[in-house]
Amino acid sequence: LYEPEKDFQADPESDLFKLCERADVVILDWEFHKEPGTKVIELIAGLVASAQTTVPHHVRLCAIYTSTQNLKHVAQRIFDHLKDKGLGARADGEYDINAGSSRIIVLGKPTTGRPSDQTAAAEVAEANLAERIIKEFAKMHEGILPSIALHGLASVRTNTKKILDKFRADMDGAFLTQRGLVWPADDAFEQIPELIAEEALAVMIDNSLSPSDATAMANNAIDAMDLKTVWTGKDSKPTPAGEYPKRLLKDGAAAIRKDVKLDNKAIRKLHQELDAGNTNATERLAALYVVRTQYGDERYLEFGTIVRYKVTVGDKEETRYAVCLMPLCDCVRLTSGSSYRFPFWELKSVAGKGQSKGMVIELPHSEGFVELFSYGKPRDQLWMEEFTAGPELMVAAEKTGNQFLLNGKLRSCEWIAQLKPSHAQRIAHDLGTSLARVGVIEAEWLRLKADGADAD
């Protein structure tokens with residue numbers, strides 16, 4: 001409990017800031033020495049900025065607990081100030097603000113004269129304050145996926161010593177021998193992160209939730225949903241609101257197919273209701289399955305890299321996408337300053353029939369998401385471009401403003417995303433299968449019969 005002196009400072013060098021910066025939860029009054037809000041807003045903005053720039057990011061809850069009459073006005077002033085500072089503030093309610101890894105809530109001390117709607121929503125008795133603060137802090141990462149993520153990270157932390165014991169110092173000699181045998185390439189060092197990641201993955205898999213616990217968690221979340229989606233039944237009549245969507249979520253598609261026309265349109269209606277907040281949750285999850293997250297500042301051209309580029313068709317300029325299919329072993333250990341031809345497979349923005357493979361990519365610069373599909377004939381989809389390797393012995397994208405550009409001999413492309421290996425390999429497999437097709441001369445009636453056509 002700390003009361004700052006009159007005319008106190010709230011900048012990052014002040015004692016008050018350093019005191020608050022160490023805490024995961026900070027509870028602040030709104031008015032100090034008859035000065036409402038000014039210093040508090042400055043302090044909160046500094047804490048939010050610090051949490052976003054330090055590594056690791058500090059997850060912090062800032063709670064305003066005040067007897068001020070208009071709590072909505074307090075929240076609005078904080079939100080406007082964070083917006084003006086470019087700190088990515090997002091209002092998640094009338095008294096709740098998120099900004100990066102920080103969350104700010106406004107709570108009211110019991111007092112007279114406050115509007116009844118604010119009293120019910122944000123007023124908290126002092127005796128209940130601790131419990132409310134704990135619940136608000138837990139809300140920062142509530143939900144099935146955050147809970148599973150925390151559970152997995154906790155299991156890795158619990159088993160840190162076991163993981164470290166797998167990488168003992170007495171293996172240094174063997175490691176250096178491995179490095180010497182592959183020299184001058186430094187593959188040995190580049191392989192270590194993958195080995196560590198595999199150990200962490202093994203820990204998380206071995207400590208994953210039991211099927212019964214996972215089912216209970218899912219069912220509890222489903223029961224709490226107030227779904228309104230109405231699907232069309234097989235009799236072309238509307239079904240009861242929410243009934244079949246809940247059965248789908250609990251028991252799977254097979255449990256309702258005999259009663260409901262479960263097509264893409266029906267699934268889209270459910271997704272729209274579940275994403276009523278317009279957070280692109282469906283697209284973000286789909287992208288998470290497909291794309292490797294980039295935590296560093298370098299971008300390289302390699303197997304599975306997705307690029308976009310401009311082409312002129314008639315008098316119009318179109319944006320197109322393609323994925324690099326250069327084998328990974330041919331993307332590394334290149335000669336600096338030398339040029340290399342990379343193959344690309346053009347992706348389409350509309351789904352095709354048959355063997356079309358789909359993916360969702362999150363575009364840079366907060367442009368949203370794009371659905372891309374892989375299909376077609378090699379003669380139409382495959383093209384080559386020549387790029388020059390840099391000192392990293394790979395083709396590196398050059399950062400220009402907020403873009404990562406790959407400058408080719410004939411065409412410049414923007415680096416967009418990096419597919420996970422299995423998804424890139426699936427596209428390459430389809431291409432290889434297409435190139436391996438064998439044309440033979442055979443009786444046409446027999447070919448039609450083998451394809452299932454009516455040869456009579």
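For segment 341-357, which residues satisfy the criterion of being surrounded by 13 or more Cβ atoms within 10 Å (Cβ to Cβ) and either out of contact with any Cys (no Cβ under 9 Å at 6 or more places or on another chain) or modelled with pLDDT under 95 (or both)?
In the first step, residues of segment 341-357 are kept if they are surrounded by 13 or more Cβ atoms within 10 Å (Cβ to Cβ); the result is 342-348, 351-352, 356-357.
Residues satisfying the conditions are E346, L347, K348, A351, G352, S356, K357.
Please specify each residue of segment 83-96 satisfying the condition of being part of a strand (DSSP E or B) and surrounded by fewer than 21 Cβ atoms within 10 Å (Cβ to Cβ). Don't jump to the end; show me each part of the working.
Step one: list which residues in segment 83-96 are part of a strand (DSSP E or B), which gives 89-91, 96.
Scanning segment 83-96 gives R90, A91, D96.
Yes or no, residue by residue, for (1) touching a Lys or Arg at 6+ places or on another chain (Cβ under 6 Å); (2) among the hydroxyl-bearing types (S, T, Y); (3) open to solvent by 70 Å² or more (accessible area, probe 1.4 Å):
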| residue | (1), (2), (3) |
| --- | --- |
| Q69 | yes, no, yes |
| Q76 | no, no, yes |
| H81 | no, no, no |
| N98 | yes, no, no |
| G108 | no, no, no |
| A127 | no, no, yes |
| I133 | no, no, no |
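Give me the pairs: first residue in segment 213-233 and outside any loop (DSSP other than H, G, I, E, B), second residue basic (K, R) and surrounded by 13 or more Cβ atoms within 10 Å (Cβ to Cβ), beta-carbon distance under 8 Å, and six or more apart or on different chains, which are they?
Final answer for the pair search is A218/K250; N219/K250; I222/K246; I222/K250; T232/K261; G233/K261.
Could you check segment 239-315 for helices (runs of 4 or more DSSP H) lying wholly inside it with 3 or more residues that are within 27 Å of L347 (Cβ to Cβ) and not polar (S, T, N, Q)?
Details: elements: 243-251, 264-274, 281-290.
Result: 264-274, 281-290.
One residue is enough: does segment 265-276 have a residue meeting the conditions loosely packed, with under 14 Cβ neighbours inside 10 Å and in contact with an Asp or Glu (Cβ under 7 Å, 6 or more places away or on another chain)?
No, segment 265-276 contains no residue that is loosely packed, with under 14 Cβ neighbours inside 10 Å and in contact with an Asp or Glu (Cβ under 7 Å, 6 or more places away or on another chain).
Can L1 be described as over 34 Å from the mean Cα position of the chain (by Cα), outside any loop (DSSP other than H, G, I, E, B) and among the hydrophobic types (A, V, I, L, M, F, W, C)? Walk me through it before giving the result.
Working: over 34 Å from the mean Cα position of the chain (by Cα): yes; outside any loop (DSSP other than H, G, I, E, B): no; among the hydrophobic types (A, V, I, L, M, F, W, C): yes.
Spelling it out, it is not the case that L1 is over 34 Å from the mean Cα position of the chain (by Cα), outside any loop (DSSP other than H, G, I, E, B) and among the hydrophobic types (A, V, I, L, M, F, W, C).
Do we find a residue being open to solvent by less than 90 Å² (accessible area, probe 1.4 Å), within 21 Å of R284 (Cα to Cα) and either touching an Asp or Glu at 6+ places or on another chain (Cβ under 9 Å) or not charged (D, E, K, R) (or both) anywhere in segment 443-455?
No, the conditions are met nowhere in segment 443-455.
Among the listed residues M204, M140, identify the single one that is open to solvent by less than 80 Å² (accessible area, probe 1.4 Å) and out of contact with any helix residue (DSSP H, G or I) (no Cβ under 8 Å at 6 or more places or on another chain). First the steps, then the outcome.
Details: M204 fails: out of contact with any helix residue (DSSP H, G or I) (no Cβ under 8 Å at 6 or more places or on another chain).
The conditions single out M140.
Out of (1) over 30 Å from R90 (Cβ atoms); (2) acidic (D, E); (3) at pLDDT 90 or above, the odd one out for E283 is which?
(1)
Among the residues of segment 392-441, which ones are hydroxyl-bearing (S, T, Y) and in contact with a strand residue (DSSP E or B) (Cβ under 8 Å, 6 or more places away or on another chain)? Explain how you work it out, then say what you get.
Step one: of segment 392-441, the residues hydroxyl-bearing (S, T, Y) are 400, 412, 422, 433-434.
Within segment 392-441, S412 is the sole residue that qualifies.
Failed condition for A224, given (1) surrounded by 11 or more Cβ atoms within 10 Å (Cβ to Cβ); (2) over 18 Å from I163 (Cβ atoms), with all others met?
Exception for A224: condition (1).
One line per residue, one yes/no per condition, for (1) under 18 Å from the mean Cα position of the chain (by Cα); (2) at pLDDT 90 or above; (3) basic (K, R):
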site: V290; (1), (2), (3): yes, yes, no
site: G296; (1), (2), (3): yes, no, no
site: F303; (1), (2), (3): no, yes, no
site: V307; (1), (2), (3): no, yes, no
site: V311; (1), (2), (3): no, yes, no
site: D315; (1), (2), (3): no, no, no
site: Y321; (1), (2), (3): no, yes, no
site: M326; (1), (2), (3): no, yes, no
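Cβ contacts < 6 Å: first residue more than 18 Å from E142 (Cβ to Cβ), restricted to segment 98-119; second residue of a type in the set (D, E), any location; separation 6+ or different chain. Result?
Close Cβ pairs satisfying both conditions: G108/E123; P110/E123.
Given segment 344-456, what helices (runs of 4 or more DSSP H) lie entirely inside it while holding 3 or more residues that are within 20 Å of G304 (Cβ to Cβ)?
Values: elements: 378-381, 421-435, 444-450.
By residue number, 421-435.
Considering only segment 16-59, state which residues are closer than 16 Å to L107 by Cα and either at pLDDT 85 or above or among the β-branched types (V, I, T) (or both). Spell out how you get there, then give the answer.
Keep residues of segment 16-59 that are closer than 16 Å to L107 by Cα, which gives 25-31, 36-37, 40-41, 44.
The answer is V25, V26, I27, L28, D29, W30, E31, P36, V40, I41, I44.
The values are calculated or read from the model by the stated rules, or taken from the named source; none is laboratory data. As the structure is a computational prediction, the values presented were derived from the model and not from experiment. Note that we place each Cβ from the backbone using ideal geometry, even for glycine, and neighbour counts take in every protein chain shown. Protein only, heavy atoms only, side chains kept; ligands, DNA and RNA dropped before computing areas. Shrake-Rupley method; radii C 1.70, N 1.55, O 1.52, S 1.80 Å.
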